[in-house]
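For reference, the structure is listed below as structure tokens.
The values are calculated or read from the model by the stated rules, or taken from the named source; none is laboratory data. What you see is a predicted model, and the numbers here were worked out from it, not measured in a lab. In this analysis, Cβ positions are derived from the backbone assuming ideal geometry, glycine residues included, and neighbour counts consider all displayed protein chains. Heads up: the accessible areas ignore ligands, DNA and RNA and are worked out on the full protein's heavy atoms, side chains in. Shrake-Rupley method; radii C 1.70, N 1.55, O 1.52, S 1.80 Å.
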Amino acid sequence: MPRHTLFISDLHLDPQRPHMLALFRRFLAGIDAEACDGLYILGDLFEAWIGDDEDDPVLLTVLEDLAALSARGVPLSVMHGNRDFLLGDRFAQRTGARLLADPSVIDLYGRPTLLMHGDTLCADDVDYQAFRAQVRNPDWQAAFLARPLAERRAIATSLRETSKTETAGKAAEIMDVNAEAVVRALAEQGVDRLIHGHTHRPALHRLEVAGRPAQRIVLGDWYQTGSALLCTADDCRLLEVGADGALLG
């Protein structure tokens, strides 16, 4: 396999979905450290992350697997999502990961590429954007992290149930990205390619920014099967993760 970089997002790993935890473990173990220039996780690695003092033994195995990947020499970068925005310095130290700001621009084989989780692009979902602003507030986060672990876990469960109820009542187009927000994000960063997750609608989109061709790549989720984007110096391909953790296609 030629030299490549991998991008994934929206795994939503949870002890209640052991089959996906096992698939992710096989995927990490199968990454060729000699050929892979890096793994980028663009948000929602976990269904919920209530703080770096998380003590669930199942979730902690994920940190061990990520640390093992880093130890093999594969650069690991992790971006906050809307479910795991409390990933912090302790997580980074334990896994060897670099925490990425959202948005971030990287040099991907000579082509500047914008990376985002993608939730800020869903500008039409006004209620969600207000909630996002609240939970990203440092004062809110400090107060939440000051609560006992069990209480935080209960709050996270309640918030997920509320989110499911509200999502079920929203039109699909409201929860998708706003086209103008996409163009604005690309124009502000001065790039012609964007990679993001969040919407769970994997696809390669062509568009125009200031009269020039541009590309938006949407990553898939890990609910029914695994999904990854493989980029080389020549192109990017969305691939399925097979049952053995290997990339198909």
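Assorted remarks:
- Asp235-Asp52 pseudo-label distance in nm [points 7 Å out on the Cα-to-Cβ vector]: 4.1 nm
- Using the 1.4 Å probe convention, the accessible area of the chain works out to 47 Å² per residue with neighbouring protein chains retained.
- Neighbour-limited loop hits for trypsin sites (Lys or Arg not before Pro), the range 25-128 (at most 16 other Cβ within 10 Å; DSSP other than H, G, I, E, B): Arg72
- When both bridge partners sit in the chain, DSSP labels roughly 55% of those beta bridges antiparallel.
- Based on C-alpha pairs under 8 angstrom that are at least 6 apart in sequence, the range 8-119 has a relative contact order of 27 percent.
- Shape call, the range 78-168: gyration tensor on alpha carbons, a/c limit 1.5: oblate
- Rolling a 1.4 Å probe over the protein heavy atoms of the range 127-249, with every protein chain left in place, gives an accessible area that is 52 percent carbon and sulfur.
- Considering all C-alpha pairs of the range 1-148, those separated by over 19 Å amount to 55%.
- Helical segments meeting 24 Å axial Cα length and Kyte-Doolittle -1.0 threshold in the chain (DSSP H): 149-168
- By the rule of a second cysteine Cβ within less than 4.7 angstrom, the chain holds isolated cysteines at Cys36, Cys122.
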